[in-house]
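Beneath this line is the structure, given in structure tokens, with notes to follow.
Only the coordinates and a few stated rules stand behind these numbers; no lab work does. On a predicted model such as this, the values are computed, not experimentally measured, just so you know. With ideal geometry, Cβ positions are generated from the backbone for all residues, glycine too; neighbour counts draw on all protein chains shown.
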């Protein structure tokens, strides 16, 4: 993590947008654009066409793809890139988030309010599940970047206050809280909290990771798949796991 590089990337990208007098006027959303500049300041390595696809960043035999949404969009690229290139998927996750609401009719933007939810790296599990068959490939790397950010949403939802079902307009990164880099199958043990006992169930993992039961199930399924943990029996009706020795 390089705070100076990240601040420079924010100043560059957000400054360009302010010159255009509004958020989100670039062809890509702000978080994506800032991270691309942060990870590779030299734009000659941006948007490089390889095997019929455009890589966000490509330098020698290394490709970096910044994926802010569904990893389903990565599947064809991974199939094309992985046999010949080392590919790092960078996934930003909000750590602390402040929400601002935009009234489309008046253009008014509310004062920001902090969301009570705090992000966790384990929120990546539903996305990793979408590319499960590639997780054991020796050329694949995963980089999770936990960001403090402002999120701008449009007041266009279906509820009386127009917030439920609303559309996200853009997100503005403020600072990097931490990064988690998984460069091997064994690297997934970084997603196993130290607070877990010698053996544990899905419910134990849910409680110490502060994620939903569904996410915990996906996470343990994936870590069993990459052989970071193994099944050792049952505890009541729940599957029991332990770290692979």
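Its alpha carbons give segment 3-183 an Rg and a Dmax of 17.3, 53 Å. With neighbour counts taken as other beta-carbon atoms within 10 Å, the residues 49, 36 rank, fewest first, as 49, 36.
Return the percentage of antiparallel bridges among DSSP beta bridges fully within segment 3-183, rounded to the nearest 5 %. Each step should come with its number before you reach the end.
On the way: 23 of 42 bridges.
Of all bridge pairs located within segment 3-183, approximately 55 percent are antiparallel.
Approximating the spin labels as points 7 Å out from Cα along Cα→Cβ, the residue 96-to-residue 227 distance works out to 4.2 nm.
For the chain, the 222 nm mean residue ellipticity estimated from helices alone, with every DSSP H stretch of n ≥ 4 adding -39500 (n - 2.57) and the total spread over all residues, rounds to -7500 deg cm²/dmol.
Note that segment 114-182 shows a convex hull volume over its alpha carbon atoms of 124 Å³ per residue.
What FRET efficiency comes out for residue 12 versus residue 79 if R0 is 35 angstrom and r is the Cβ-Cβ distance? Round to the nearest 0.05.
Working: r = 33 Å, r/R0 = 0.95.
Efficiency, from the Cβ-Cβ distance: 0.60.
At an R0 of 22 angstrom, the distance between the Cβ atoms of residue 115 and residue 183 translates into a FRET efficiency of 0.10. At full extension, residue 1 and residue 137 could sit 46.5 nm farther apart than now, given 0.36 nm per residue minus the alpha carbon distance. When only alpha carbons of segment 149-217 are considered, Rg and Dmax amount to 17.9, 49 Å. Computed log10 I(q)/I(0) for segment 122-237 at 0.16 Å⁻¹: -0.89, from the Debye equation with unit scatterers placed on every C-alpha and solvent omitted. Ranking of 105, 151 by neighbouring Cβ atoms within 10 Å, starting from the fewest: 105, 151. Post the alpha-carbon centroid distance, segment 135-159 to segment 95-129, in whole angstrom. Using only Cα atoms to place each centre, the spacing works out to 10 Å.
State the volume of the convex hull built on the alpha-carbon positions of segment 194-245, expressed per residue in Å³ and rounded to an integer.
On the way: hull volume 3.8 nm³, N = 52.
It is 73 Å³ per residue.
Segment 46-80 and segment 190-231 have Cα centres spaced 29 Å apart.
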